[in-house]
Structure formats: structure tokens, C-alpha cells
Amino acid sequence: MRVYDRFSALSLGDSTKAKPEFDVLELEDEGSNLVLHNDDVNTFGHVIECLMRYCEHSAEQAEQCAWIVHLNGKCQVKSGTYVDLLPVQAVLADQGLWVTIE
């Protein structure tokens, strides 16, 4: 007996009476990080201004992040859920900064 024949022989009954129940799995966002990467284009002033305006950094925090990026190649500048970080990443990218969400 072919597989098709076995399935076609099954009686499915009245499908309007019983609907299958499904467990809904919810994915929890464990948190993501917005990471600013070093480039050879943007000035310290521009990076600091962007971090203050879009990441809500203080002037001191923004300057420290700019130095960390300059010396180490990258720096985590903001944390949150992926959904919350996506618009911040977009606006920083529009300003010419290289940012990723990790």
C-alpha cells in the first residue's frame, strides 16, 4: 500500500466540530547591544554629537565611547531589545556611522 493510499483511507470526520489546539511559543528578547565601529570618515565631534542626540549620552559618556571606538575598534553604545535598537541604528547609519546590533 502506498503512503497516499493509507492517508486517503483515513476518515477525518467533521472538521468543523473540533479545532486543533496549538501551543504558542513566545520568544523572549534577551537583550541586544548597539555597537559603534571605527571608521576613517567621521570626526570625533560628529560621533560625540550623534551619541548625545540619538543615544542620550552625556557629553562625557559620548566622548569616552568615541575614544574607545578609536582605540579598540568598537564600543557598545546602547543596550535594549532588538526592536528598540533598530530605529536608533537606522538614524545613526543615516548620519554616516557604522553601527551593528549584536
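Taking the Cα centre of the stretch 31-102 as the origin, how large is its charge dipole in debye, to the nearest 20, when only Lys and Arg (+1) and Asp and Glu (-1) carry charge on their Cβ atoms?
100
For the stretch 32-37, just list the computed ³J(HN,Hα) in residue order, Karplus coefficients 6.51, -1.76 and 1.60, θ = phi - 60°, integers in Hz, with x standing in for Gly and Pro.
Calculated HN-Hα couplings, in order: 10, 10, 8, 10, 8, 10 Hz.
Let me see the pair-distance distribution of the stretch 30-101: every alpha carbon pair, 10 Å bin width, integer percents in order.
Pairs per bin, as whole percents: 22, 60, 17, 0.
Sort the following peptides by mean Cβ neighbour count (other Cβ atoms within 10 Å, averaged over residues), highest first: 37-43, 58-64, 86-92, 74-80.
On the way: 37-43: 11.4, 58-64: 14.0, 86-92: 15.6, 74-80: 17.6.
Top to bottom by mean Cβ count within 10 Å: 74-80, 86-92, 58-64, 37-43.
In whole Hz and in residue order, list the ³J(HN,Hα) couplings for the stretch 92-102 that follow from phi through the Karplus curve 6.51 cos²θ - 1.76 cosθ + 1.60, θ = phi - 60°; x for Gly and Pro.
5, 5, 4, 7, x, 8, 9, 10, 10, 10, 10
Since every read-out is calculated from the coordinates, none of them should be taken as a lab result. Since we're looking at a predicted model, the values are computed, not measured. With ideal geometry, Cβ positions are generated from the backbone for all residues, glycine too; neighbour counts draw on all protein chains shown.
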